[in-house]
1. As an exercise: evaluate residue 149 against (1) in contact with a Phe, Trp or Tyr (Cβ under 6 Å, 6 or more places away or on another chain); (2) modelled with pLDDT of 95 or more and give the number of the one condition it does not meet.
2. Looking for whichever is among the basic types (Lys, Arg) and free of Cβ contacts under 8 Å to residues at least 60 places away in the same chain here; the options are 129, 143, 109, 87. Which one fits?
3. Hey, does the range 36-45 have a residue that's modelled with pLDDT under 50 and open to solvent by 60 Å² or more (accessible area, probe 1.4 Å)?
4. With respect to residue 157, determine if the residue is at pLDDT below 95, open to solvent by less than 50 Å² (accessible area, probe 1.4 Å) and not β-branched (Val, Ile, Thr).
5. Six or more apart or on different chains, Cβ atoms under 7 Å: show the pairs whose first residue is in the range 282-295 and in contact (Cβ under 8 Å) with a residue 60 or more places away in the chain and whose second is surrounded by 10 or more Cβ atoms within 10 Å (Cβ to Cβ) and outside any loop (DSSP other than H, G, I, E, B).
6. Here is a list of conditions, (1) closer than 23 Å to residue 266 by Cβ; (2) surrounded by fewer than 21 Cβ atoms within 10 Å (Cβ to Cβ), and residue 100 meets all of them except one; can you say which number that is?
7. Considering only the range 110-143, how many residues are of a type in the set (A, V, I, L, M), open to solvent by 10 Å² or more (accessible area, probe 1.4 Å) and over 20 Å from residue 93 (Cα atoms)?
8. Is there a residue in the range 49-63 that is open to solvent by less than 100 Å² (accessible area, probe 1.4 Å), in contact with a Gly (Cβ under 9 Å, 6 or more places away or on another chain), modelled with pLDDT of 95 or more and closer than 19 Å to residue 273 by Cβ?
Amino acid sequence: MATLGPSGWWWRRCRWRWRLSAWDGSRVLLLLLLLGSGQTFEYLKREHSLSKPYQGVGTSSSSLWNLMGNAMVMTQYVRLTPDMQSKQGALWNRVPCFLRDWELQVHFKIHGQGKKNLHGDGLAIWYTKDRMQPGPVFGNMDKFVGLGVFVDTYPNEEKQQEAQKRRYSPGIQRVFPYISAMVNNGSLSYDHERDGRPTELGGCTAIVRNLQHDTFLVIRYVKRHLTIMLDIDGKHEWRDCIEVPGVRLPRGYYFGTSSVTGDLSDNHDIISMKLFELTVERTPEEEKLHRDVFLPSVDNMKLPELTAPLPPLSGLALFLIVFFSLVFSVFAIVIGIILYNKWQEQSRKRFY
């Protein structure tokens, strides 16, 4: 077998390096071409993602994901609530998200023994300022600050209408399960009796219960444009559900999901939550327009103003207020007595 001399070895190494650099150069060129064409790149953010085998999930402060209530980690999923009455569970990311543009893909499953309209209540996906706060809105607090996406499986308003022997007018009735979205600055309450209708940004019907194939939901937030899409038909295709421009969400909020059951129940399972950072090219004008915001809002949608509660008075401040109030009262009484005496003197002089 012929052996390569020093010159042959050097030539083979140089040729290999040239091939690598040429390949890297072609990748860079392709990247520049794609950026120039306005395409979006996405990068999985592991600190905000959840997937099997569910490492880093628990109740300790060192976990990336924290469980709350009846939520528990299984081999193939994280179960928020079992198919039992009066259960409540949640799963919250511990790391705040400071991405400007992102996409959250949620792989979930809702199933149970209940038949038609005998199941509930659904689950919610959150991007909010506060985390781990149990409450009445699908297991999370009311008057939250941020974004809530609700997979509602029980028609509360329809059942109330039936109980009152009333019917919807054409075009108003919604078919459940139903997905809706809500942006809140902390001033709005979620109306359970009307299934969140007064505050929803939009919604669509989503038949997601007891399916034999996987069900997915994606929330995309790009350039203050909120888009929610579904893949629930087993076709591996996204279909539009909600699209709202002008949504302003602050950075530094937390992702989470929660669920609750009442008299009716279901299994609410989260199989994965994968967050992708989207790199989007912006013009200088867009950079000026898309500066950071500090309170959630939606263009062309008036949210009630928040009135900050007055801070409690300290002991010294309370003492000073009482002291000066007493001094002012005494001063007013003295002035009143002096004026009254002068008035009496003038009255006597008139009679004489």
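1. (1)
2. Checking each option against the conditions leaves just 143.
3. Yes: one or more hits.
4. Details: at pLDDT below 95: yes; open to solvent by less than 50 Å² (accessible area, probe 1.4 Å): yes; not β-branched (Val, Ile, Thr): yes.
So residue 157 passes the test.
5. 295/185
6. (1)
7. 1
8. Checked the range 49-63: at least one residue is open to solvent by less than 100 Å² (accessible area, probe 1.4 Å), in contact with a Gly (Cβ under 9 Å, 6 or more places away or on another chain), modelled with pLDDT of 95 or more and closer than 19 Å to residue 273 by Cβ.
The values are calculated or read from the model by the stated rules, or taken from the named source; none is laboratory data. Note that the structure is predicted; figures quoted are calculated from it, not measured. In this analysis, Cβ positions are derived from the backbone assuming ideal geometry, glycine residues included, and neighbour counts consider all displayed protein chains. Calculation scope for accessible area: heavy atoms of the full protein, side chains included, ligands and nucleic acids excluded. Shrake-Rupley method; radii C 1.70, N 1.55, O 1.52, S 1.80 Å.
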